[in-house]
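Written below as structure tokens is the structure these notes are about.
The values are calculated or read from the model by the stated rules, or taken from the named source; none is laboratory data. None of these values were measured; they are calculated from a predicted model. Virtual Cβ from ideal backbone geometry, glycine too; neighbours counted across all protein chains shown. Quick note on the areas: whole protein, heavy atoms, side chains included, nothing else; ligands and nucleic acids left out. Shrake-Rupley method; radii C 1.70, N 1.55, O 1.52, S 1.80 Å.
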Amino acid sequence: MAGSIGIPQLIFCAIVAALFYRYVLSPPQASGGSGPTSGRRPRATVSQTDIDSVRVMFPQISVAAIRWELEKNGGSVPATTEKILNDGFLPEPPASVTRQTPSPLPPSVNSEPGSLGGTGRSQAPASSSSSSAATTIGHSDLVTRYNLHSRLETHRPGTSAEQLSSSPKKNDKASLFIRGRERRDLMVLEARKKMEGMLRR
Amino acid sequence: MFIGQQHHAPNTILKLSLNFSLQTAATMAAKAARRLLSEYRELINNETDGIYAGPISEDNFMLWECLIAGPPDTPFEGGMFSATLKFPDDYPLSPPELKFTCEILHPNVYPDGTVCISILHPPGDDPNMYESASERWSPIQSVEKVLLSVMSMLAEPNDESGANVDASKMFRDDRARYENIVRRCARKTVGL
């Protein structure tokens, strides 16, 4: 009879089915290469901007670790920074999480030698000897950060970006970036030369 | 069926309003990106001595890195101080946030590197009313003006609005030690 299957029973069945689906069926699905947008993600979504802003300060810490930490603390950049400053590092996420994370950083940031995320750099985090009141973030100096050691000897003071680039000024985005980066590097080299001069005196 | 129908209507409204706010946010962000591109172009084409600013990555115009040269005849001289500029989606209505990414000791820089000066504050929230509206943030300000203000802030700290209490105290009571630490910070920025 119809009376034997009422609404309570239906709801119960639905709950059982949902739980079954949730815990029995989804794990293989999730590990089977589903992207970060798949519904099964209990943690806070982390914006690339937040990851970038932590990364800029601590280029030595992997994007995966930053993302993991941000997800754990609900996307708080200050809390993440605080943790790095206190501990000197961030724990790497477990392997199951790493698989889910998409490409670490936009390739332009990661691969370019002059950019912040340059590879092959293992700066010691949190220098404990720093003075108590001074701010201690971003421990690499600019020459290291922008990979300019090789250009220190060849750089002649007074060179400006205009003199170096023979091509006429272009205003499209790509050439703006090239000129901008060159100007940035030259400013650092100039400052370094100036400081060397000041120290010699 | 019955339960499903009950939830249907509010869901649609929620989706619609979400869609709407997403669209508004998208137009605002697009506006901000356009404005930032033109500011960037201006900065690169008309170089201002001692400052550099530009997006960290080509695909995110809302996060910039910048360099500010230590002003001459101050203990900051010779240093090149790096910072990040984080722009809100409604830039230029709201000001960017400027944060030093190098070691720096200054009365108006919080220990986490965030800079506290009037040009970075929107005209609305000054409980003490000691900053005049004209020197606060408004859409006619620009990245260049912000960086130049920070440069003059480095030269002339305002020890009345101390963001870093220790630094303010040291600046007032033990100037020699303050200048020594600042000089060391400046050397460090260029790896010396």
### Task
Among B:163, B:181, B:148, pick out the residue whose Cα is farthest towards the positive end of the charge dipole of region B:24-189, where Lys and Arg carry +1 and Asp and Glu carry -1 on C-beta, about the Cα centre.
B:181
### Task
Can you grab the distance from the C-alpha centre of region B:69-96 to the C-alpha centre of region A:70-84, Å, no decimals?
24 Å
#### Entry: Set of lysines near residue B:145 by C-alpha distance (under 27 Å), chain-local residues within fewer than 8 positions excluded
A:169, A:170, A:173, A:193, A:194, B:31, B:86, B:99, B:188
#### Entry: Buried solvent-accessible surface, both chains (B, A), 1.4 Å probe, Å² to nearest 100
4300 Å²
### Probe 1.4 Å, protein heavy atoms only - accessible area per residue of region B:24-189 in square angstrom
43 Å²
### Message
Please compute the Kirkwood hydrodynamic radius of region B:79-192 from all pairs of different C-alpha atoms, in Å with one decimal.
### Response
14.8 Å
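Of B:49, B:166, A:52, which has the most accessible area with a 1.4 Å probe, and how do the rest follow in descending order?
Numbers: B:49 140, B:166 85, A:52 15 Å².
So, going from the largest accessible area down, we get B:49, B:166, A:52.
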